[in-house]
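The next block holds one structure in the form of C-alpha cells; read it before the comments.
Laboratory data are not the source of any read-out in this text; all were calculated from the coordinates shown. Predicted model, so just to flag it, every value in this text is computed and none were measured. Note that we place each Cβ from the backbone using ideal geometry, even for glycine, and neighbour counts take in every protein chain shown.
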Amino acid sequence: MLFRVKRIAWNVAAVLICVALAVPFLWIVLESFHGADVFGPAFSAFRPTLSSYTFVFAHTQLPRQFVNSLIACGTAMLISIPVTTMAAYGYSRIRFRGRRLLFFGVLVTQILPATALVIPLYKVWSLGHLFSNLAALGVSYAAFNIALGILLVKNFFDNLPLSLDEAAILDGCSRRQVFWYVLRPLVTPAIAATAVFVFVNAWQDYLLASSLITSSSEFTVNVGLYAFKGANTTNWGAILATSVLVSLPSILMFTATQRYFVRVVSGGVKG
Amino acid sequence: MAAAALWIGPSYLIFVLIMAFPIAWNIIESFFASSYGKSTFVGLANFRQIVDSGQFYSSFLLTLYWTAGVFAGQFVLGLLLALFFNRKLWVSRYIRPLILIPWAIPGIVSSTAWVFLYSQGGLVDQILKPFFTTGPAWLAEPGLVMPAVIVAGIWKGAPFYFLMLLAGLQTIPAELIEAAKLDGANRWQILTRIELPYIRNIVGLTSILGLIWTANYFDGIYLMTGGGPVNASTTLPIWIYNTAFSDFNLSEASALSVILLLLVLLIALPYLLRRRGLDAV
C-alpha cells in the first residue's frame, strides 16, 4: 500500500516537473488562442479563439515562408543523406592512408560554430552571387550537419560484422553491390535519424538565413518571424501564433528520434 | 586509395566549399582593409583596432559571464532532471517530450516566448507581483539584461544535458549503487563518489560541446536584445554580427571571426583529442 502511494507520488511529481519546465512554451501556446487581447486576464474570461491563426494565414507571409524553409531544409536533407552514408561507409570499411587525419577533419567541422563562419560565407556568397538562393542556403546547412550524420551512420556500420561483407563478396558481389544491397538496408534507421536531425537543425537556423537571404520574398520562417515581430511589435496574438506554428515541425520530428541523438553525440560511449 | 576518394570525396568537397575555402579567404582578408571596393594590405591593423577598442574586453568578459552562467545552470538543472528520471515511471514516456520542447524549438521562438514573459505585465511580473508594484524592464536595464537572458539560455539548453546525463546514468550497474547504500553512503556521496566518476566520459564530452555551443550561441541573446541596451549584452558572436551588418565594417568583422575561430579551436582541443580516441577509426 505504502509502496503504491509512493509510486503514484513519484509519477505526479514527474508530471508537475515536466509541465513546469514547459511553461514558457505552454504559456505562448495558451496566449496564442487569446486573440488580440493577449495581456488580458489569462484565466478569468478565457474564451479560446482561432482569430490569431486566421490572421496569420490571411495577412502574413508565413505560408510562403514555410515553403521557403522547406526548400532550404529539404535541400540540406537530400544532400546530406547520400554524402554522409557514403563517407560513413568509407571510414568504417576501407583502410586507406590518411584515414585518421581525414576523420579528424570531420570532427573539426562538427565543432565549427556558424557564428565564426557567417562572415566568411557572406563573402563567398557575394563572390558567387548566391544571396537569396534557398538551395545554396540548404548546401550550407548540409555542411554543418554532415559530421553528425557521419558519426551516427558510421556507428551503425561499425556494429555490422565484417563477415556480412565477406560472405557477399564470396557470392560474387562488388564493393558497391555489398554497400547497396547488403549494408545499406541494415543502416536505414541511422540514415532516417540523420535525415531528421539535419532537418531539425536546419529548421532552427536564424543566423545563416538572416545574413545569406537578402530578399524578403525568400525569407525562411525564422527570419520572417523576426522581421514580422520588428514591424508589428504590438500584434502579440499573431507573433505568438506564428511562433507556435513554426515550432511544430521540429518538436514533432525531434521527439520522435531523440534516442538516436544521444547515441550519436556520445559516439556510443558508455560511461 | 582511389576507392576511398570516391566514398569520402563528396563530404570533403562540401567541407572545402562551405568551410575551408571561406575560412582561408577570410583569414587572408582579415589582413586587408577595404574601402570603396579597393583593398589594401594593412597587416595587423584590423586586429589592433579590435584590441584597442574598449568593446573587446567588455565583450570578452560578457561572453565569459554568459557562458559560465548558462553552463552552470544547464548542467545543474540537467543533472537534477536526469537523477529524477533515472527510475521507472510509467508516465515517463508520455511526458518526456515536454522536457525536450525548449531544445527542439527554434531560437527565435524561445526568444519570443521569453521576451513575452519578461514584457511589462507579462508572466514574470505577475509571478513577482508580491515583491514589486511595477516590475522592472527586464531586458532594458543594463544590470538586469544578462541575468534575464541567462535564465532563458539555461531553459533552452538544459534538455541536452538531461538527455546525455540520463543516458550515462542508465549505464551504471544497479548493484554498484546498492552496495554503496549497504555501506551507508548518503545520496550526495553516491552522486559525487560513484555516479559522476562512473559517467565522467559523457560528462566531459557533454560539457565541452555544451561550452562551445553556449559561447557561440547567437539567437538566444540577439533575438531578445540585439546586444543592447547599449552593448550590455553584446557577446563576441553578437559583436561580429553587428560589426558586419549594422556598422558594415567587413574588415573588422573578418578579423573578429578569426579571433573567435581561434578561441573555439582552443576550447575544443581536449574534445577533439578525446573524441579521436573514442571513435577509434
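Between B:V51 and B:L13, the C-beta separation translates, for a Förster distance of 45 Å, into a calculated FRET efficiency of about 0.75. Just want the answer: with Cβ charges of +1 for Lys and Arg and -1 for Asp and Glu, which residue in B:A174, B:M146, B:G210 is farthest toward the dipole's positive end in the range B:144-222? About the Cα centre, the residue reaching furthest to the positive side is B:M146.
Ranked by the mean number of other Cβ atoms within 10 Å per residue, highest first, peptides A:124-131, B:150-157 order as B:150-157, A:124-131.
Put the Cα centre of the range A:217-258 next to the Cα centre of the range A:137-164 and the gap is 29 Å. Cβ-Cβ distance of B:F21 and B:E178, R₀ of 41 Å, FRET efficiency by 1/(1 + (r/R0)^6): the value works out to about 0.15. A helix-only calculation puts chain A at -24500 deg cm²/dmol for mean residue ellipticity at 222 nm, using -39500 (n - 2.57) for each DSSP H run of at least four residues, averaged over all residues.
Compute the long axis of helix B:142-169 from its Cα atoms, compare it with the longest principal axis of the Cα atoms of chain B, and write down the angle in degrees, 0 to 90, nearest 10. Taking Cα atoms only, the helix is inclined about 50 degrees. Starting from the Cα of B:F248, move 7 Å in the Cα-to-Cβ direction to define the label point; list residues of the range B:38-59 whose amide nitrogen is under 16 Å from there. Under cut-off, by backbone N: B:38. Karplus-derived 3J(HN,Hα) values for the range B:249-255, using 6.51 cos²θ - 1.76 cosθ + 1.60 with θ = phi - 60°, are 9, 5, 4, 5, 4, 4, 4 Hz; glycine and proline are entered as x. Report note on the peptides A:143-152, A:21-30: ranked by the mean count of other C-beta atoms within 10 Å, highest first, their order is A:143-152, A:21-30.
Quick check: Cα centre of the range B:115-145 to Cα centre of the range A:6-28, how many Å? Cα centroid to Cα centroid, the span is 24 Å.
Computed over chain A with a Gaussian network model linking Cα atoms closer than 10 Å, the most mobile of A:T188, A:T234, A:T75 is A:T234. In order along the range A:189-196, the Karplus-derived 3J(HN,Hα) couplings, from 6.51 cos²θ - 1.76 cosθ + 1.60 at θ = phi - 60°, round to x, 5, 5, 4, 4, 4, 4, 5 Hz, and Gly and Pro are given as x.
Report the residue, chosen from A:F96, A:F261, A:F57, that carries the largest GNM mean-square fluctuation when chain A is represented by alpha-carbon nodes joined by springs under 10 Å. So, out of A:F96, A:F261, A:F57, the one fluctuating most is A:F96. Near B:A244: Cβ cut-off under 14 Å, other residues only, Lys/Arg at +1 and Asp/Glu at -1. The net charge is -2.
Scalar couplings 3J(HN,Hα) for the range B:101-117, obtained by applying the Karplus form with A = 6.51, B = -1.76, C = 1.60 to θ = phi - 60°, are 3, x, 6, 7, 7, x, x, 5, 6, 5, 4, 4, 4, 6, 4, 5, 5 Hz; x denotes Gly and Pro.
Protection proxy ranking, highest mean first, for peptides B:50-56, B:174-180, B:127-133: B:50-56, B:174-180, B:127-133, where packing is the per-residue count of other beta-carbon atoms within 10 Å, averaged. By the rule of a C-alpha distance below 28 Å, with chain neighbours fewer than 8 residues away ignored, the lysines paired with A:K6 are B:K88, B:K181. Peptide A:11-18 is shielded by partner chain Cβ atoms: per residue, an average of 6 of them sit within 10 Å of its Cβ.
Each of A:M1 and B:Y36 was given a label point 7 Å from its Cα along the Cα-to-Cβ line. The distance between the two points is 9.3 nm. The modelled label-to-label distance between A:V19 and A:A192, using points 7 Å beyond Cα along the C-beta direction, is 3.3 nm. Between B:A185 and A:I71, the distance separating the two model label sites (each 7 Å from Cα on the Cα→Cβ line) works out to 5.8 nm. Peptide A:234-245 has a mean of 2 when you count, residue by residue, the C-beta atoms of other protein chains within 10 Å of its C-beta. Pairs spanning more than 30 Å between alpha-carbon atoms, out of A:K229/B:K129; A:K123/A:K229; A:K229/B:K38: A:K229/B:K38. Once you sort the root eigenvalues of the Cα gyration tensor of the range B:1-68 as a ≥ b ≥ c, which label holds: rounded (a/c under 1.5), prolate (a/b larger than b/c) or oblate (the other case)? Since a/c reaches 1.5 but b/c is at least a/b, the shape of the range B:1-68 is classed as oblate.
The helix-based estimate of mean residue ellipticity at 222 nm for chain B, built from -39,500 (n - 2.57) per DSSP H run of four or more residues and divided by its residue count, is -22500 deg cm²/dmol to the nearest 500.
Going 7 Å from the Cα of A:N232 in the Cα-to-Cβ direction, what parts of the range A:50-74 have a backbone nitrogen less than 19 Å from that spot? A:50-69, by backbone N distance to the label point.
Between the beta carbons of A:R100 and A:A167, assuming R0 = 22 Å, the FRET efficiency works out to 0.20 to the nearest 0.05. Judged by the gyration tensor of its Cα atoms, with axes a ≥ b ≥ c, chain B is oblate; a/c meets the 1.5 cut and b/c is at least as large as a/b. Centre-to-centre, using Cα atoms only, the range B:36-71 and the range B:161-198 are separated by 43 Å.
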